[in-house]
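Colleague: My questions will all concern the structure given below.
The values are calculated or read from the model by the stated rules, or taken from the named source; none is laboratory data. Every value quoted in this text rests on a predicted model; they were computed, and no experiment measured them. Methodologically, a virtual Cβ is constructed for each residue, glycine included, from the backbone with ideal geometry; neighbour enumeration extends over all protein chains shown.
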Amino acid sequence: MKRKEVRSLAFAACLTATVPFVWGCGDASDGKIEVEIVQYKPEAANYFKTVEEAFNASHDDIHLTISSPNDAMAILKTRFIREDYPDIIGIGGDINYSYFVDADILADISGYAGMQDVNEGYLDIAEALELVPVDGTYILPYAANAAGILYNREMFEQHGWQIPETWEEMLALCDQISAEGILPFYFGFKDTWTCLAPWNAMAVELAPADATKQVNKGLTSFTDEYGELAGKYLALLPYGPDDPFAYSYNDACTAFARGESAMYPIGSYAAPQILSVNPDLKIDSFVMPASDAKEGRTLNSGIDLGFCVTKDCKNKEAAYEVLDFLYADDTLQKYIDAQTSVPCKKGSFTLPVILDGMSEFIASGNMTDYQDHYYPSEMSVDALLQTFLIEKDKDAFLKNFDTSWQRYNRDIIRMVQEYEAAHGSAQ
Amino acid sequence: MKKTSTVGKSNRTAMVLLILGLSTIIFPLYMTVVIAFKQPSEMTNSISGILSLPKVWSLDNFREAMRVTDFWNSLKNSLLISVLTVGLSILIHSLMGYTLGRNKKSKFYNFVYLFIVSGMFVPFAILMMPLAKQTAEMGLANWFGVILLYVVFYMPMNVMLYSGYLTNIPLALEEAARVDGASTWRTYWAIIFPIMRPMHATVAVITALAVWNDVMTPLIIMAGSSENTLPLAQLNFQSQFGTNYNLAFASYLLSLIPILVFYVICQKQILNGVVNGAVK
Amino acid sequence: MEVHSRKGVNVMSKHENERKRTFLLITIPILALFVCFNTIPLIRGALYSFTNSRGFGSHDWVGLRNYIDLFSDARVGKSYLFTIKLALVTTIVVNVLSLIMALLLNSKIRAKGFFRGAYFLPNILGSLVVGYIFNYFFTYIVPALADMTGITSLSSSILSSPGKAWIGVMIVCAWQAIAMNTIIYISGLQTVPEDVYEAGGLDGATGWKQFKHLTFPLIIPFFSINMVLCVKNFLMVFDQIIALTKGGPAQSTESISYLIYNNGMSGGQFGFQSANAVVFFIVIVVISVAQMKFSSSKEEQL
């Protein structure tokens, strides 16, 4: 008898406990226009929390919600499939953006007034990301990152090392550093994505910016375009730790922060992690020298975060008002300080000190996008690179790159070639 | 309790082996605790550095971790989901396991058994998209939907466990009750359900643990809602460009406590050899 | 033990009907729930395997192209080989160890509760923690120990070697899984009545003999459950891969589930990986059904 009572109680408890859940899902709105942003950089969650609060405190008619989930791409895709679109999405200028444009999910925001203030270089980069040319602008570039080489400034000053400007100078510098018993580079190649950092940084000088597009059009092959790049990448390996594939990104950041190497080929985004281990470290950066010419150099930089308005967004005016707030100089400056990034907006901003060595390039707008922004993630070029660096077989790597590319991009290549056939004569 | 008649000699060997084996547990646990108390600047890549004790034993990491994860709120959500899932699982899965376990001779029930058990092998990735869509269509893109899905996801394994356990429970027990005129339904709740207590405890532990640590289901089903479970909130600590291991470890230690307490309670139930006691 | 009481055929068949009806009434709603949230989404998901969908946006029907590609895709083939190798080895290791653990923990020892609690811990630690600790262990501690003892083959991290990384994954999988399998074995050992041991003790059966002839036959249902669960869990290994290697080095530890998730969900290969998932599902079902058939025939023999 007693047991039965317990059981029915448990049953009742189960039922009543579920009720608030079922009811709790619909938000009660109080007449305000709801604007929702999902942005993909969880490391910037704190910044966006403050933006959200500041916006809501200063606006009576619009209520803004910003979420910064981990694995935002999976979340966005599942929400798209259930046709539950956020009003604004914050994503990077990479292949996912290309896919979203192609899937007709984003709205043309070329009419947005703030577009006038965007650094044209980044608008060009955004346009290049479209699989096939599409009319209109679909992203408001917000912040960019830059990849090259981070170095330990105190160590360089102590030993009187000079910043290299050509590939030869760079190798000479590495030899010099090694000769003094210091490790020139640290690599964290256990995390495959870090293999892309030096690759991208060197590619801007050694391969055409639109290499992937030319391949898609059938004009060239990666074996032709990436040969020198792959060879030079291999030449860097001896200057790193003995077994670079044992160390993760985190290990490499820690090692660099503790002065275990003089340089670290990675992007500006690594600075917060490095400084968390050693807040007193003076980090500076320089543009990765990959060719033997001092002229014609360019900085590897791409859109790290941009905002897109979805087609489904009910109230474009409200969305634009949110964009105005995000794009205000002081809001953007705070982001740049927090994330050590480069603003995509014209105007005078204070750049993070870590980018001192790259500021010339940034100021003159001499920047080229990351090659990997054009790579489909499922092809796992990062893993291919890791395999290449382990096995050191350049020909096999390039051949594999070409065949994999054809295989993973089959539908895109077909689309590009159909487009070429239809529009080719006009160009 | 009952006196066991195991030979006394083997126990010392067992103790020695168990104590030796503990090192495989203590070492990782030590690392977890030490890291949870350290500051990021104390993290080094050298062995002595990572194994050394923190400079200051301060609860700051725990406090900060609780703030970042909105601990009490997330804990409440996690607890509710886990408790409800476990409760429903024990009720529903044991019934199903009983039905299938007692009808092994029937072609139909055998098919149902294989049908349900095969559900265990469906790769979650293929269900994700359709489930996200389906739950949204049915208005279940919320906690309740997550619980329902859990009840379905863990059904194959739990049904297998229950029906396996039943093979060792003599039919005679039910027949005795039937003679007294009790219906199958009554007999089940009065006799079989209580007897399966060790299995309930096992199922509770396994299900609770799976639910407690699961990220994917709530991530996909409730994407876009502002509520968090503990594992979802803990995702805040890691990103590609930097993971705060100190805060993360502190947070994991915190979330480990409730489930460990639950396990300790349950394992007492697993210990009670009820079949032995009931057949007397 | 046997209950001798028959009150006539009439009552029996009435009972039989009532019993059948009850069973049916239990089965129908539960089965409906299962079909609704498992079978239907599975079918809907399987339909994507005939498209070139990226998971969102529009897609085209491509017929059997994904399936044809699947069998010529070296990466997918490699992932099957890796996963099967891992599952086989880990299943054996885990079952042997957890059976020993269960016997130890079930024997008359002091501080039983403490030991059971302690050995359960690996299961609760989140995968981020486990990943970090074992990465550290393999990257820094094992090589240092190897240097001290002069074992050169271990002086570099096994996780950085494409040939050896799977061993690292295996160790972590086993370390985490033993706790759960031990619990299932313990609850199995609880169903073995004391008098079996008492009777066995009189016949002089102790130690290994007692286990082989008395204990093990009685816990065979739990052995087969554990085997099926192990094979299934390790064939579908995902968390440990993410925590430990993310498929590397040199794509040597890409498990099937990892590939399906990583390329299908995070990447743009949703249609293709759906095909992979369908084939994978069929493969595991076949393996597991064979396993269950095999062990149930064993059960009947005993």
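Colleague: Go over the candidates A:T220, A:T254 one by one and state the one that is without any contact (Cβ under 8 Å) to a residue 24 or more places away in the chain, more than 14 Å from chain C (Cβ to nearest Cβ) and more than 18 Å from the chain's Cα centre (by Cα).
Modeller: Residue meeting the stated conditions: A:T220.
Colleague: Starting from region C:43-68, keep only residues that are in contact (Cβ under 8 Å) with a residue 12 or more places away in the chain and on the phi < 0 side of the Ramachandran plot, then list their pairs with residues that are of a type outside the set (S, T, N, Q) and outside any helix (DSSP H, G or I) whose Cβ atoms are within a distance under 6 Å, requiring at least 6 positions of separation or different chains.
Modeller: Sorted first by the residue in region C:43-68, then by its partner, the pairs are C:F50/C:W61; C:T51/C:H59; C:T51/C:W61; C:N52/C:H59; C:N52/C:D60; C:N52/C:V62; C:S53/C:H59; C:R54/C:G268.
Colleague: In addition: Restricting to region B:18-50, count the residues that are loosely packed, with under 15 Cβ neighbours inside 10 Å, more than 10 Å from chain A (Cβ to nearest Cβ) and over 24 Å from C:Y119 (Cα atoms).
Modeller: Result for region B:18-50: 2.
Colleague: Also, quick follow-up: Any residue at all in region A:146-157 that's of a type in the set (A, V, I, L, M), outside any strand (DSSP E or B) and assigned by TED's automatic domain parsing to the domain that holds A:A44?
Modeller: No, region A:146-157 has no match at all.
Colleague: Next question. Residues in region A:241-251: is at least one surrounded by 21 or more Cβ atoms within 10 Å (Cβ to Cβ), in a helix (DSSP H, G or I), touching a Pro at 6+ places or on another chain (Cβ under 9 Å) and not small (G, A, S)?
Modeller: Yes.
Colleague: All but one of (1) touching a Leu at 6+ places or on another chain (Cβ under 7 Å); (2) within 14 Å of chain C (Cβ to nearest Cβ) hold for A:D191, so report the exception by its number.
Modeller: Here A:D191 clears every test but (1).
Colleague: Being surrounded by 22 or more Cβ atoms within 10 Å (Cβ to Cβ) and under 27 Å from A:Y249 (Cα atoms) narrows it down to one of C:F120, C:F138, so name that one.
Modeller: C:F138
Colleague: Another question, if that's okay. Got a sec? Which helices (runs of 4 or more DSSP H) wholly within region C:127-242 have at least 1 residues that are on the phi > 0 side of the Ramachandran plot and in the same structural domain as C:I284 (by TED's automatic domain parsing)?
Modeller: It comes to C:207-210.
Colleague: Any chance you could count how many residues in region B:136-148 are buried (at least 24 other Cβ atoms within 10 Å of the Cβ) and either free of Cβ contacts under 8 Å to residues at least 60 places away in the same chain or part of a helix (DSSP H, G or I) (or both)?
Modeller: 4
Colleague: Continuing with this model, one more query. Test each condition in (1) part of a helix (DSSP H, G or I); (2) in contact (Cβ under 8 Å) with a residue 24 or more places away in the chain; (3) of a type outside the set (A, V, I, L, M); (4) not assigned by TED's automatic domain parsing to the domain that holds A:V322 for A:S98 and report the one that comes out false.
Modeller: Against the list (1) part of a helix (DSSP H, G or I); (2) in contact (Cβ under 8 Å) with a residue 24 or more places away in the chain; (3) of a type outside the set (A, V, I, L, M); (4) not assigned by TED's automatic domain parsing to the domain that holds A:V322, A:S98 comes up short only on (4).
Colleague: Would you point out which residue out of B:I169, B:I192, B:I206 is buried (at least 20 other Cβ atoms within 10 Å of the Cβ), part of a helix (DSSP H, G or I) and facing another protein chain (nearest Cβ under 9 Å)?
Modeller: Of the residues listed, the single one that is buried (at least 20 other Cβ atoms within 10 Å of the Cβ), part of a helix (DSSP H, G or I) and facing another protein chain (nearest Cβ under 9 Å) is B:I206.
To keep it simple, each residue is scored yes or no on (1) over 28 Å from A:S404 (Cα atoms); (2) within 15 Å of the chain's Cα centre (by Cα).
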| residue | (1), (2) |
| --- | --- |
| C:E254 | no, no |
| C:G267 | no, no |
| C:Q273 | no, no |
| C:V279 | no, no |
| C:Q291 | yes, yes |
| C:F294 | yes, no |
| C:K298 | yes, no |
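Colleague: Select, from B:M216, B:M128, B:M222, the only residue that is under 25 Å from C:L128 (Cα atoms), of a type outside the set (D, E) and surrounded by fewer than 22 Cβ atoms within 10 Å (Cβ to Cβ).
Modeller: Unique residue meeting the criteria: B:M216.
Colleague: Quick one: A:P279 ticks every box in (1) without any contact (Cβ under 8 Å) to a residue 40 or more places away in the chain; (2) within 14 Å of another protein chain (Cβ to nearest Cβ); (3) of a type outside the set (K, R); (4) buried (at least 16 other Cβ atoms within 10 Å of the Cβ) except a single one, so which number is it?
Modeller: Status for A:P279: all satisfied but (4).
Colleague: Going by the conditions given, is B:I270 buried (at least 22 other Cβ atoms within 10 Å of the Cβ), modelled with pLDDT under 85 and within 21 Å of the chain's Cα centre (by Cα)?
Modeller: Taking the combined requirement at face value, the residue satisfies it.
Colleague: Could you please let me know if A:G306 is at pLDDT 95 or above and either surrounded by fewer than 23 Cβ atoms within 10 Å (Cβ to Cβ) or within 19 Å of the chain's Cα centre (by Cα) (or both)?
Modeller: Against the criterion (at pLDDT 95 or above and either surrounded by fewer than 23 Cβ atoms within 10 Å (Cβ to Cβ) or within 19 Å of the chain's Cα centre (by Cα) (or both)), A:G306 qualifies.
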